[in-house]
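The values are calculated or read from the model by the stated rules, or taken from the named source; none is laboratory data. All values derive from a computational prediction rather than experimental measurement. Reconstructed Cβ throughout: ideal geometry from the backbone, glycine too, with neighbour counts over all protein chains shown. Areas reflect the complete protein model, heavy atoms only, side chains present, ligands, DNA and RNA absent. Shrake-Rupley method; radii C 1.70, N 1.55, O 1.52, S 1.80 Å.
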Amino acid sequence: MAQMNMLQAINSALDISMSEHPNACIFGEDVGHFGGVFRATSGLQERYGRHRVFNTPLTEQGILGFANGLAAFGAPTIAEIQFADYIFPAFDQIVNETAKFRYRSGNEFNVGKLTIRTPYGGGIAGGLYHSQSPEAYFAHTPGIKIVVPRNPHQAKGLLRACIEDDNPVLFFEPKRLYRASIGEVPEGDYRIEIGTAEIVKEGKDVTLLAWGAQMEIIEQAAGLAEKEGISCEIIDLRSILPWDRDTLVSSVNKTGRLVISHEAPITNGFGAEIAATIQQHCFLHLESPILRVCGMDTPYPLALEKEYVPDALKVFAAIKQSVTF
Amino acid sequence: MTNPNNVSLNIHHELSFIDGHALNIPTLKILSETGDVYPGATVPNISQDTALRLYRTMRFIRMLDERMQAAQRQGRISFYMQCLGEEAAVTASAAALDDDDMIMAQYREQAALHYRGFRLDQFMNQMFSNELDLGKGRQMPIHYGSNELNYMTISSPLGTQIPQASGHAYGQKLKHIDEKTGELASEIDNVTICYFGEGAASEGDFHAGLNMAAVLKAPVIFFARNNGYAISTPADEQFAGDGIASRGVGYGIKTIRVDGADALAVFAATQAARDICVKTGEPVLIESIAYRLGAHSTSDDPSGYRSKEEEADHQLNCPIARFKKWLVAQNWLDEAQDDAEKETIREQILEAVKVAEKVEKPALESLISDVYDTPIPELSEQYEHLKAHILAHPDAYPTTAGRIK
Ligand SMILES: Cc1ncc(C[n+]2csc(CCOP(=O)(O)OP(=O)(O)O)c2C)c(N)n1
């Protein structure tokens, strides 16, 4: 095993995928020789050639339109959108085309070989347009899968699974952790199954659920809670679509309590879907209302970011509220 | 030295602007309205077999369109779109391609699909959304698609197929690129043709798609059907400048404009365009100038936005009649036999309607298949729930209740 940061882990997953599939392509803005603005694709153009790893013009709808066509042709296609904030020009190509290709054609055609990578989330002083977490917009669309890793090990295994999956996948990378998160990552190939949550730590009083960069926050909050004698079960959802209801239901049936935390604004965030489903399936086991600690219903701020974010202290406050209800 | 601005600096010292209409792009025309070849024009290399297949396709589609337009009025299908006036543009371009080239169409290109061999019953099954429809009854009528015939399934949102065609064509080119040099090492086997209207050419996807193809060098033929209208919006309210063709030039794409009612001109241009794609791996833009003789769709009434006189002027210009005159002059077509064939086709179409409308609707399971490669657990659960509900209330869901296993 090697020590890698998340970018290196992603790079390694891409490298393995490119060497495995001779017609796989990686493209997006600045991803070529420069290796992408975050350097996730460093060295890949040198290794696999300009025809397989290349810069595109600055057009997100073009990147996704092109990606849909290339994937429909049958080539493993990895498209990068430079920041998730800029995925909206490609929204139509993703929700109306990528997601519906197979269904609308009766499986005459599909774009299952497509993976869309994009850095998301705050915590980098990026303000409104470099901090958003748009997963919920896409989670409303049947036909795509959505995956968010929390650390380098997860990033590599999940990205490999996304690229090999026979459905189009949106892979949101927590950019705050790109360099900040370092850990043991196998150099060889491995995959982590899409659609499964992971119980990161077992506990008995309350279930804490998050994904991506927010995992770090709920783990800190759990640390604060343990000091007060509250035992937290920590779950990483990992896949937003499809999501692992069974793991969460059995955890909540055990602890009787659930606190969900995500960076995106609370209203209509994916936490709302989870809360609705869990109250349906765990109603008689719930000891207190399901709580959500999320971004506020404002655009992502700059100067007041510290106040805005669902930080560990806010999650800790919710944990206490939940156990003392 | 490469110029980082990628423009040629032709310095001069007088302030002047280039007029938006400075590019006055000519229109290729080979056959006159009377079906004669213009002096100086070159007839493309077209075999008798191809010419007849082309002609028969146009004639068949004209008859199918008429019949299905009527079927819609009788309430037998919900919607229809004819390609009246544009039969030559669509069919002759398809005829100039290899049958294995990919077609990515807008929605008015049924003639290209029929040219490839899509059968009458297949058209009907799609329009009647029955269980034999390749698309499993999920889309409105005329949203055809066939993997076997390399015809990518139609999508309603306009223009989306344009950047997709660039990506698809790039895929076709990939295996012909030399690993070391990154240059094209051999001719490309197959290319992609992408049809769209002049209205769709205003969408962002058009600009994205052309720019991607030009910069990334994808062997795609962009075929703009400039038929004068986007529903009720005339072309002069759609764009300024010299048509769609001038934009091809702006994107650095080899471009040609043709008379879209002239099958020979369209055939010649497309044949040459394919040759460029195959040899250079680069895109080509063809702008076909025709007139949408019919209504936009069965939901449209053109009398609200254009005059009978205008329509009558264009009625005289029938692309099928023009090509037929040429075929007869070549002694390639026997008119009496042609009339007899028409009669048979008319009967076949009537019969096919009757057959297709009796075929059952797609099975209930097709509601949840193909969303993903295999249904996700939520979907299977929702399906079981639905099945139980239908079985509990069979009278409310008569077409499916009896068929649930
Ligand atoms: C994105 C989008 N906007 C609007 C429509 C509705 N619509 C369907 S056809 C059409 C006109 C298209 O005109 P044009 O591209 O010129 O093709 P033509 O119908 O003339 O062949 C419109 C506005 C649509 N299908 N998709």
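Share of pairwise Cα-Cα distances greater than 27 Å in chain A is 42 percent (whole percent). Rounded is the label for segment A:192-297. Its Cα gyration tensor axes, ordered a ≥ b ≥ c, give a/c under 1.5. Classify segment B:27-357: rounded, prolate or oblate, from the alpha-carbon gyration tensor (a ≥ b ≥ c, eigenvalue square roots; a/c under 1.5 rounded; otherwise prolate if a/b is larger than b/c)? It comes out rounded by the Cα gyration axes. To test your reading of the geometry: what angle, between 0 and 90 degrees and rounded to tens, separates the Cα axis of helix A:312-323 from the longest principal axis of chain A? The two axes meet at around 50 degrees.
My understanding is that a pair violates if its Cα-Cα distance is over 26 Å; which of A:LYS100/B:LYS354; A:LYS254/A:LYS320; B:LYS279/B:LYS324; B:LYS361/B:LYS405; B:LYS173/B:LYS324; B:LYS173/B:LYS254 do that in this structure? The answer is A:LYS100/B:LYS354; B:LYS279/B:LYS324; B:LYS173/B:LYS324.
On association of chains B and A, roughly 3800 Å² of accessible area becomes buried (total for both chains; probe 1.4 Å).
To the nearest 10, the accessible area of B:HIS114 is 40 Å² with a 1.4 Å probe.
If you average the C-alpha positions of segment B:135-171 and of segment A:257-285 separately, how far apart do those two centres end up, in angstrom? Comparing the Cα centres of segment B:135-171 and segment A:257-285, I get a distance of 38 Å. Roughly how many Å is it from the Cα centre of segment B:1-72 to that of segment A:201-250, as a whole number? If we compute the Cα centre of each part, the gap is 63 Å. Accessible area ranking (1.4 Å probe, heavy atoms, ligands and nucleic acids excluded), largest first, for A:GLU187, B:GLU86: A:GLU187, B:GLU86. When only Cα pairs below 8 angstrom with a gap of at least 6 residues are kept, chain A shows a relative contact order of 16 percent. Counting only DSSP beta bridges whose two residues both lie in chain A, roughly 20 percent are antiparallel. Under the convention that each Lys and Arg Cβ holds +1 and each Asp and Glu Cβ holds -1, the size of the dipole of segment B:364-403 around its Cα centre is about 200 debye. As I understand it, the value is the acute angle between the Cα axis of helix A:152-164 and the longest principal axis of the Cα atoms of chain A; what does it come to in degrees, rounded to 10? Orientation of helix A:152-164: about 50 degrees from the principal axis.
Counting Lys and Arg as +1 and Asp and Glu as -1, what is the net charge of the other residues whose Cβ lies under 13 Å from the Cβ of B:GLN106? Combined, the nearby Lys, Arg, Asp and Glu give -2. For the pair A:ASP15 and B:SER366, a Förster radius of 25 Å applied to the C-beta separation gives a FRET efficiency near 0.05, rounded to the nearest 0.05. Value of Rg to Rh for segment A:1-66, rounded to two decimals, is 0.98; Kirkwood radius and Rg both from alpha-carbon coordinates.
Only beta bridges with both residues in segment B:27-357 are counted; by DSSP, about 15 percent of them are antiparallel. Note on exposure: A:HIS21, A:HIS281, A:HIS51, B:HIS13 ranked by accessible area (1.4 Å probe, complete protein assembly) read B:HIS13, A:HIS281, A:HIS21, A:HIS51, with the most exposed listed first. Electrostatic tally near A:ALA139: other residues with Cβ closer than 13 Å to its Cβ, Lys and Arg +1, Asp and Glu -1, net -2.
Assuming charge only on the beta carbon of Lys and Arg (+1) and of Asp and Glu (-1), the dipole of chain B about its Cα centre is about 320 debye to the nearest 20.
Counting heavy atoms of the protein chains alone, B:MET127 has an accessible area of about 10 Å² for a 1.4 Å probe. Calculated mean residue ellipticity at 222 nm for chain A: -10000 deg cm²/dmol, from DSSP H runs with n ≥ 4 weighted as -39500 (n - 2.57), summed, divided by the residue count and rounded to 500. In the protein assembly as shown, the DSSP beta bridges split such that about 20 percent are antiparallel, to the nearest 5. Charged neighbours of B:LEU264, selected by a Cβ distance under 14 Å, balance to -1 (K, R count +1; D, E count -1). State whether segment B:1-53 is rounded, prolate or oblate according to the following rule on the C-alpha gyration tensor (a ≥ b ≥ c being the square roots of its eigenvalues): a/c under 1.5 gives rounded; otherwise a/b larger than b/c gives prolate, and the remaining case gives oblate. It comes out prolate by the Cα gyration axes. Estimated from helices alone, the mean residue ellipticity of chain B at 222 nm is -12500 deg cm²/dmol (sum of -39500 (n - 2.57) over DSSP H runs with n ≥ 4, per residue). Accessible surface calculations at 1.4 Å, restricted to protein heavy atoms, place the protein assembly as shown at 41 Å² per residue. Mind checking which of B:ALA214, B:PRO375, B:ASN227 is farthest towards the positive end of chain B's charge dipole, using Cβ charges of +1 (Lys, Arg) and -1 (Asp, Glu) about the Cα centre? The listed residue farthest towards the positive side: B:PRO375. Computed with a 1.4 Å probe over protein heavy atoms only, the accessible area of B:ARG67 comes to about 50 Å². Pop out the carbon and sulfur fraction of the accessible area of chain B as a percent, whole number, probe 1.4 Å. Roughly 52 percent of what the probe reaches on chain B is carbon or sulfur.
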